[in-house]
């Protein structure tokens, strides 16, 4: 969603994970936010290895009905819309 480079060489990334319904947000977040925290830690470490700089990442979980049926969502990720 958003990428910002800082003068100290670090990068801040804001990313959204979309789910179909509000009831699914809890699955991604996990009890006490444990699952999303773990996802964020793994992503941060992997991106730091790839980019070679400190990475600060914020992950948001949003419900958007029928997001998986919108071809533009796939295009934004560089993917082809499934037929």
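Every number here is computed from the coordinates shown, using simple stated rules; none is lab data. This is a predicted model, so every value here is computed, not measured. Here Cβ is always computed from backbone atoms with ideal geometry, including for glycine, and neighbour counts include all displayed protein chains.
Sorted fewest first by neighbouring Cβ atoms within 10 angstrom, 62, 31 come out as 31, 62. Using a simple spin-label model with pseudo-atoms 7 Å out from Cα toward Cβ, residue 31 and residue 45 lie 2.2 nm apart.
Between residue 10 and residue 38, the modelled label-to-label distance comes to 2.6 nm, taking each label 7 Å out from Cα in the direction of the beta carbon. Counting other Cβ atoms within 10 Å as a rough exposure proxy, the listed residues 42, 56 run 42, 56 from fewest neighbours to most. Distance between the modelled labels on residue 71 and residue 20, one decimal in nanometres: 2.1 nm (7 Å Cα→Cβ projection). Among the listed values [x] 12.6; [y] 12.3; [z] 14.3, the one matching Kirkwood radius over Cα pairs in Å as calculated from this structure is [z]. Each Cα pair under 8 Å and six or more residues apart adds its sequence gap; the mean of these over the residue count of the chain is a relative contact order of 36 percent.
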